[in-house]
Amino acid sequence: MVTVGFHASHEQISPGRLLQDVQHAERAGFDAAMCSDHIEPWSARQGHSGFAWSWLGAALATTDLRFGVVTAPGQRYHPAIIAHASATLASMFPDRFWMAPGSGENMNEHVTGDAWPPKETRQQRLEECVDVIRRLHRGEDVTHHGLVTVEQARIWDVPDSPPPLIAPAISVETARRAAAWADGLVTVNQPAAKLTEMLAAYRDNGGRGKAVLQVHLSWAPSEEEAVAIALDQWRTNTFAPPVPWDLPTAGHFDGVSATVGEEQVRESVNVSADPARHAEWLAGYADLGFDELYLHFVGQEQAPFIDKFADQVLPQLRTAGAYA
């Protein structure tokens, strides 16, 4: 049975408003929440990017939801800092927090002034960071010399249950490689054939744990408004890698997306004014084998979406037997 959660988009909504939104989502019947850890929005039109780790403490303390965060240890963050932050949250809120450590995006990592490494180097660096974080979560004294350096690090408040480390992946190859270390897999909505291939690559290579899908969607009372919201807020997110990995600022994303139109946006965002169509899409993802679906309404005003989906989409999923 699938869990349906709320995606809290720090890049689009101010931290205080987003905290109210996730509280609203819990009252409306969403089961869980997740967010991403950015310092830069995808577009100047989005105009926000609060610090996810501060926000997570407030969100966990003021709801009963489980939360996850997609983050990137290794450049902007030393892995000992990520291990420390995640251990503290897991200690305060047992079994309610997971994180997805990824290889990062230049838009967030360039702030250190360090060179942006090629993908293979970033992947190796991530795997070193995962090993360091897991050892610190076990309470070990850690020294490590490699693509990251750690000297005599220790976490004194170790959680009884370390937070699961879920692998974020966009490609089949990344999903296959993550099977060696991850406690689960998280990706974004893509064509069904691609998602099926990713899940198979992860599971067939020994990948364990839950499969999580973040679903980008645009809903509004009219189709025209739903399209307009998607174009305004999410046209910068229609490009295949390596574009989203390598561009450094929101201004660069705005520049390359200036001519993106409706057809291209619809390839990345489920756009419809019909709640039943959204329910159909979501049930289809559950049927592919995803255990948790996190709904990301790409507009900035979340309340109408939360209320509409609580009233007309979540009940359809429950009736269809696809909703936990």
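Since every read-out is calculated from the coordinates, none of them should be taken as a lab result. Predicted, not measured: the structure shown is a model, and the values here were computed from it. Note that each Cβ is placed from the backbone with ideal geometry, even for glycine, and that neighbours are counted across all protein chains shown.
Calculate, in nm to one decimal, what Asp274 and Trp181 gain on full extension: separation in residues at 0.36 nm each, minus their alpha carbon distance.
29.5 nm
Enumerate the residues in region 12-32 having an amide nitrogen under 13 Å from the point lying 7 Å beyond the Cα of Asp64 toward its Cβ.
The answer is 26-32.
Which residue, Val243, Val130, Val215, tops the fluctuation ranking in a GNM of the chain built on C-alpha contacts under 10 Å?
The residue with the greatest mean-square fluctuation here is Val243.
With the dipole of region 195-238 worked out from charges on the C-beta (+1 for Lys and Arg, -1 for Asp and Glu) around the Cα centre, which of Ala220, Thr236, Gly209 lies farthest toward the positive end?
So the residue we want is Gly209.
Compute the orientation-averaged projected area for region 9-145 from the convex hull of its Cα atoms and round it to one decimal in nm².
Averaging across all directions leaves 8.9 nm² for the Cα convex hull.
Quick one: in region 194-324, what % of C-alpha pairs are over 17 Å apart?
63
Using just the helices of the chain, give the 222 nm mean residue ellipticity in deg cm²/dmol: DSSP H runs with n ≥ 4 each add -39,500 (n - 2.57), and the total is spread over all residues, rounded to 500.
Result for the chain, helices only: -13000 deg cm²/dmol.
Between Thr196, His24, Ile133, whose Cα lies farthest towards the positive end of the dipole of the chain when Lys and Arg beta carbons carry +1 and Asp and Glu beta carbons carry -1, centred on the Cα centre?
Ile133
Relative to the longest principal Cα axis of the chain, at what angle does helix 52-62 sit, 0 to 90 degrees, rounded to 10?
Between the helix axis and the principal axis of the chain, the angle is about 70 degrees.
Using only the alpha-carbon atoms, what does region 66-202 span along each of its principal axes? Please give whole angstrom values in decreasing order.
If we take the Cα atoms of region 66-202, the spans are 45, 36, 24 Å.
For the chain, with equal point scatterers placed on the C-alpha atoms only and solvent neglected, what are the log10 I(q)/I(0) values from the Debye formula at q = 0.10, 0.12, 0.13, 0.15 1/Å, to two decimals?
The calculated log intensity ratios at q = 0.10, 0.12, 0.13, 0.15 Å⁻¹ are -0.55, -0.81, -0.96, -1.33.
Quick one: what does P(r) look like for region 255-318 with 5 Å bins over all Cα pairs, in whole %?
3, 14, 22, 25, 17, 10, 6, 2, 0
Please list, or write none, the aspartates and glutamates whose alpha carbon is within less than 13 Å of the alpha carbon of Lys210, excluding same-chain residues fewer than 8 places away.
Cα-Cα hits under 13 Å: Asp183, Asp291, Glu292.
Could you work out how far the C-alpha centroid of region 213-286 sits from that of region 136-209, in angstrom?
One Cα centre to the other: 27 Å.
Using square roots of five times the C-alpha gyration tensor eigenvalues, list the equivalent-ellipsoid semi-axes of region 116-163 in whole Å, biggest first.
Listed largest to smallest, the semi-axes of region 116-163 are 23, 13, 6 Å.
Would you please state which residues of region 153-184 a label at Asp114 would reach in this model, taking the label point 7 Å out along Cα→Cβ and a backbone N cut-off of under 19 Å?
153-154
With +1 assigned to the C-beta of every Lys and Arg and -1 to the C-beta of every Asp and Glu, and no other charges, what is the dipole magnitude of the chain about the Cα centre in debye, to the nearest 20?
540
Measure nothing but the geometry: give the 0 to 90° angle between the long axis through the Cα atoms of 302-312 and the longest principal axis through the Cα atoms of the chain, rounded to 10°.
That works out to roughly 70 degrees.
Around Arg66, which amide H atoms from residues at least 5 apart in sequence, or from another chain, sit under 5 Å from its own amide H, with H modelled in the peptide plane?
Ala33
Give me the number: length gained by fully extending Asp291 to Glu173, i.e. 0.36 nm times residue separation minus the C-alpha to C-alpha distance, one decimal in nm.
Computed gain between Asp291 and Glu173 is 40.4 nm.
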